[in-house]
1. Is there a residue being modelled with pLDDT under 90, loosely packed, with under 11 Cβ neighbours inside 10 Å and of a type in the set (A, V, I, L, M, F, W, C) anywhere in region 142-161?
2. Output the residues belonging to region 68-117 that are basic (K, R) and touching a residue at least 60 places away in the same chain (Cβ under 8 Å).
3. Given Q164, Q124, which one is surrounded by 11 or more Cβ atoms within 10 Å (Cβ to Cβ), over 29 Å from A55 (Cβ atoms) and either outside the structural domain of C62 (by TED's automatic domain parsing) or in contact with a helix residue (DSSP H, G or I) (Cβ under 8 Å, 6 or more places away or on another chain) (or both)?
4. Quick check: is even one residue across region 29-36 within 23 Å of the chain's Cα centre (by Cα), at pLDDT 75 or above and of a type outside the set (A, V, I, L, M)?
5. Look at region 138-180 and say how many of its residues are within 17 Å of the chain's Cα centre (by Cα) and either in contact (Cβ under 8 Å) with a residue 60 or more places away in the chain or part of a loop (DSSP other than H, G, I, E, B) (or both).
6. Of the residues that sit in region 36-56 and are assigned to a loop (DSSP other than H, G, I, E, B) and without any contact (Cβ under 8 Å) to a residue 24 or more places away in the chain, which one is surrounded by the most Cβ atoms within 10 Å (Cβ to Cβ)?
7. Just one of the numbered conditions (1) touching a helix residue (DSSP H, G or I) at 6+ places or on another chain (Cβ under 9 Å); (2) surrounded by 11 or more Cβ atoms within 10 Å (Cβ to Cβ) is not true of G138; which one?
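The values are calculated or read from the model by the stated rules, or taken from the named source; none is laboratory data. Bear in mind that the values here come from a model prediction, so they are computed numbers and not experimental data. Virtual Cβ from ideal backbone geometry, glycine too; neighbours counted across all protein chains shown.
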Amino acid sequence: MGQDRTRTVRSRILWPFLMIAILLMVVFAVLISRQIATAAPEQPIAFKHQVHAEAEVECLFCHPNALRSDIAGIPSVARCVGCHQTIANDSPNVKLVFDYWERNEPIPWQAVNNMPDFVFFSHQPHLGAGVTCETCHGNVGEMVVVKPIISMDMGWCLDCHLDQPQENVARLTDCLACHK
């Protein structure tokens, strides 16, 4: 009987420590996953959004698909070359662009912001509603290295959708608005 009582006392003492340890692991996992979600991917060319922003090149000039398809897309080599045949064509980074052009290869840019496959997202309705690129992507024109500014998870999207005019909230918070 004494051993059973000792085990019961030990388990009562250890149980809170075990729960705290599990809670700390969950918090750590969430923090690490958010840090990974907001890390800058390594790019094949050190592209400088700052230079383009200072030249007043609009986001939609290089990312025009945001107006006509579900994704903003990555500019083609042809779009880059179209401007850089006459602008800054002696820059080392622009010369790298021309190397891809001459090999007839796309530049293997890495996406900066990703949505899970089970999420349907389109830039079109957001742009139509007056949401600016900076709202979700930050001021990319001031970033030395472009990286996500937030973890675009469901809670973040819902916070914004719930903050819309009341007549739109039911439609914007319907699961099928984002999950098809």
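1. yes
2. none
3. Q164
4. Checked against the condition, which is being within 23 Å of the chain's Cα centre (by Cα), at pLDDT 75 or above and of a type outside the set (A, V, I, L, M), region 29-36 yields no hits at all.
5. 17
6. Looking at the filtered set, the residue picked out is A55.
7. (1)
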